[in-house]
């Protein structure tokens with residue numbers, strides 16, 4: 001939080017809660033931090049409900065709302081504006097296309113909701129493993145060197161995305177979740193998470209098993225870029 005100046009006095013923070021252990025632990029941490037921090041900031045929680053039907057809230061959203069209420073945080077539930085057509089999915093269309101559209105739609109909903117409720121920060125539960133796997137995904141599938149930043153300013157600084165768990169590994173977050181008695185809610189992903197990101201997770205795990213210390217070195221490299229040893233962006237090397 002200090003390295004990236006994530007929170008400031010007077011901030012209005014919207015924490016995005018998917019129901020996974022990462023976002024649940026993040027919500028708990030922000031509630032606890034607000035109690036003891038030397039600054040005053042507002043905190044709201046939001047969930048994009050992929051299971052809503054006919055105005056009824058999905059089971060996952062109800063479970064998340066109950067857990068957050070137990071430690072003093074109320075949840076706003078937004079019915080998803082976009083969900084993949086089951087018939088199109090069965091036609092064999094590439095799964096990464098659905099992932100891109102779904103992520104873009106949910107992100108747009110979060111941005112709109114943040115603006116409507118006057119929030120200037122959105123907090124996500126992404127961690128060290130997510131940052132490394134995003135780097136691999138962009139490197140291998142998108143042809144660029146980039147990843148998630150622990151803090152990213154958008155819209156000329158009117159909104160910032162913050163990732164307070166960026167230095168923690170998934171296993172550490174899972175340990176915190178167990179200590180706190182938090183139970184992750186099952187994923188409502190229609191692809192059962194059989195995605196490119198899942199492929200990158202498996203690739204990363206293979207690298208870690210074969211090369212001791214690889215995770216620490218990859219993460220360190222993302223903040224140690226030697227620009228003079230990279231290629232010019234001329235397009236000449238494209239396949």
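Only one of 77, 64 is touching a helix residue (DSSP H, G or I) at 6+ places or on another chain (Cβ under 8 Å), surrounded by 19 or more Cβ atoms within 10 Å (Cβ to Cβ) and within 23 Å of residue 103 (Cα to Cα). Can you tell me which?
64 is the lone residue from the list that is touching a helix residue (DSSP H, G or I) at 6+ places or on another chain (Cβ under 8 Å), surrounded by 19 or more Cβ atoms within 10 Å (Cβ to Cβ) and within 23 Å of residue 103 (Cα to Cα).
Please tell me if residue 207 is assigned to a helix (DSSP H, G or I), on the phi < 0 side of the Ramachandran plot and either modelled with pLDDT of 95 or more or buried (at least 17 other Cβ atoms within 10 Å of the Cβ) (or both).
When the stated conditions are applied, residue 207 passes them.
For residues that are assigned to a loop (DSSP other than H, G, I, E, B) and in contact (Cβ under 8 Å) with a residue 24 or more places away in the chain, scanning just the range 30-52, find the one that is nearest to residue 82 (Cα to Cα).
50
Against the conditions (1) in contact with a helix residue (DSSP H, G or I) (Cβ under 9 Å, 6 or more places away or on another chain); (2) under 20 Å from residue 80 (Cβ atoms); (3) buried (at least 19 other Cβ atoms within 10 Å of the Cβ), where does residue 21 fall short? Just the number, please.
Failed condition: (2).
Hey, any hits in the range 188-198 for a residue that's modelled with pLDDT of 95 or more, surrounded by fewer than 18 Cβ atoms within 10 Å (Cβ to Cβ) and touching a helix residue (DSSP H, G or I) at 6+ places or on another chain (Cβ under 9 Å)?
no
If a residue must be in contact with a helix residue (DSSP H, G or I) (Cβ under 8 Å, 6 or more places away or on another chain) and surrounded by fewer than 14 Cβ atoms within 10 Å (Cβ to Cβ), how many such residues does the range 156-184 contain?
Qualifying residue count for the region: 1.
The values are calculated or read from the model by the stated rules, or taken from the named source; none is laboratory data. Not measured: the values here are computed from a predicted model. Every residue, glycine among them, receives a Cβ derived from its backbone with ideal geometry; neighbour counts consider all protein chains shown.
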